[in-house]
Amino acid sequence: MTGNAVGTGVPLIGVLGSLTVSVRGRPVVPTASRLRTMLAVLALAAGEPVPIGRLAAAVWGDDPPQDVRRTTQVYVARLRRLLGAELIRTVPAGYALMVEPDNVDARLFVRLVDAAARATEPDTERALLVAALALWRGDPFQDARSAWLDRVEAPRLVDRRLAALERRIELDLADPSPALVAELQGLTARYPLRERFWGQLMTALHRAGRQGEALAAYQRLYRLLTEELGIEPGPAVRAVHRRVLGQATVGGPR
């Protein structure tokens, strides 16, 4: 980080959903779409320099203004009036928003997920994953759209969220509840091509003594993949299917 966050007026910034900004407890979200995009890009860097070229690519895409540097300066000046002049620092490479990473929900999410991966106790790992996932309020950058955010940053964050969710569910499968089954049914409906959710749904149903429903879930996945993609389920899901099928044949889970 290029420096410490400034004073007690440091904003708390949320990008995991609609853009939210709070300075001294007061919401101060920009109304202009391009200002919201610029703020989101600066917030993702959280104190690190963001080159003017990257800001311009995110804010204007393939239609930059004639004088990129001057127009960027104008937008930065507007953000300074909104947030406080001391919070956006001019640096040799461009600009830096002087906030600690934990004051930006996307950065805090990544730190918590990384900490969960290093945890040695399942309870600690799960608690960190739950805290990380609770930061999500919707799709990232909902009202700070740009081709760069949509193409680069949003997919990276969504992939990490889904991986964290899969891991949290894996920990919960030790003692699956009806709520977990319902959650997985919703996830397979929303992400029908993400096979791990299907395998987890089958496992949860099987461990709840619902072998017939587990086998039916596999058949739904099989039809979906063969009809839409021309492929069969992967080895991991097939292994779950074999376990469920074998135990259903002998009359129930062992």
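Quick one: net charge of residue 225's neighbours, Cβ under 9 Å, K/R +1, D/E -1? Taking every Cβ under 9 Å from that of residue 225, the sum is -3.
Quick one, which of (1) 175; (2) 152; (3) 129 is the actual volume of the Cα convex hull per residue in Å³ calculated for this model? Read-out taken from this structure: (2).
All distinct Cα pairs of region 159-252 go into the 1/r average, and the inverse of that average, the Kirkwood radius, is 13.3 Å. With all protein chains in place and a 1.4 Å probe, the accessible surface of region 120-254 carries 53 percent carbon and sulfur. Can you tell me the 0 to 90 degree angle between the C-alpha axis of helix 122-133 and the longest principal axis of the chain, rounded to 10? For 122-133 against the chain, the angle is about 50 degrees. Any idea how far apart residue 117 and residue 175 come out in nm if each label point goes 7 Å out from Cα toward Cβ? Placing both labels 7 Å beyond Cα along the Cβ direction yields 2.9 nm. Per-residue surface analysis assigns residue 26 an accessible area of about 130 Å², computed on protein heavy atoms at 1.4 Å probe radius.
Between residue 68 and residue 124, the FRET efficiency from the beta-carbon distance, with R0 = 35 Å, is close to 0.15. Rounded to the nearest 20 debye, the dipole magnitude of the chain is 280 debye, with +1 charges on Lys and Arg beta carbons, -1 on Asp and Glu beta carbons, and the Cα centre as origin.
The residues of region 127-180 present an accessible area of 47 Å² per residue when probed at 1.4 Å with all protein chains retained.
Seen against the Cα atoms of the chain and their longest principal axis, helix 105-118 is set at about 50 degrees.
Between the helical axis of 211-228 and the longest alpha-carbon principal axis of the chain there is an angle of about 60 degrees. Once the chain from residue 142 to residue 227 is taken as fully extended at 0.36 nm per residue, the excess over their C-alpha distance is 27.4 nm.
The values are calculated or read from the model by the stated rules, or taken from the named source; none is laboratory data. Just so it is clear, the model here is predicted, and its values are computed rather than measured. Positions of Cβ are generated from backbone atoms using ideal geometry, with glycine treated the same way; all protein chains shown enter the neighbour counts. Note: accessible area is taken over every heavy atom of the protein model, side chains too, but ligands, DNA and RNA are not part of it. Shrake-Rupley method; radii C 1.70, N 1.55, O 1.52, S 1.80 Å.
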